[in-house]
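Peer 1: Before I ask anything, here is the structure I am working with.
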Amino acid sequence: MSPPKRMAFAVTVLLLLPQFLLAQFNADDQQRSGADDSHKLLTRAQSGSVRDQLLLGEAYATGFGLPKDLKQAVKWFHRAADTINNLTSQSGRSIVTTL
C-alpha cells in the first residue's frame, strides 16, 4: 500500500473508531446506570485506557450521558491521540505502520 493510501486508511480508521466505540458503549449502557458509568468511564480514561478516552470524548461531544462540552471532548480526543502516540513510540512503530 502506498504511503498516501496508508495515511488515508489510518485517518479513516481514526475517524470511524469513536463511532464504533460509542455504538458499543450505547449497547452496554442499557444494562448500567448513567451516573455510576460516567464515573467509571472517567476513572478508566484517566488511567490511560484509549478506548475510554475516546468514549469520554464522544460522550462530551454528543452530550450522551454527560453534559455537552466541546472543550472537554477535544481534551479527551487529544489525550487519546497522545496515548496512542506514546504506545506506538515505545514499540518503535508509527501509527501508520501499526495499521
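Peer 1: Between Thr62 and Asn85, take the C-beta separation as r, use R0 = 25 Å, and let me know the FRET efficiency to the nearest 0.05. Display every interim value, and only then the final one.
Peer 2: Numbers: r = 25 Å, r/R0 = 0.99.
After rounding, the FRET efficiency stands at 0.50.
Peer 1: Once each part is reduced to its C-alpha centroid, what is the distance from the stretch 69-92 to the stretch 35-57 in angstrom?
Peer 2: About 13 Å separates the Cα centre of the stretch 69-92 from the one of the stretch 35-57.
Peer 1: Taking 7 Å along the Cα-to-C-beta vector as the label spot, tell me the Gln72-His39 distance in nanometres, rounded to one decimal.
Peer 2: So the two model labels end up 1.5 nm from each other.
Every read-out reported here was derived from the displayed coordinates using simple, explicitly stated rules and does not represent laboratory data. Everything numeric in this text was worked out from a predicted model, so none of it was measured. Backbone-built Cβ (ideal geometry, glycine too); neighbour counts: all protein chains shown.
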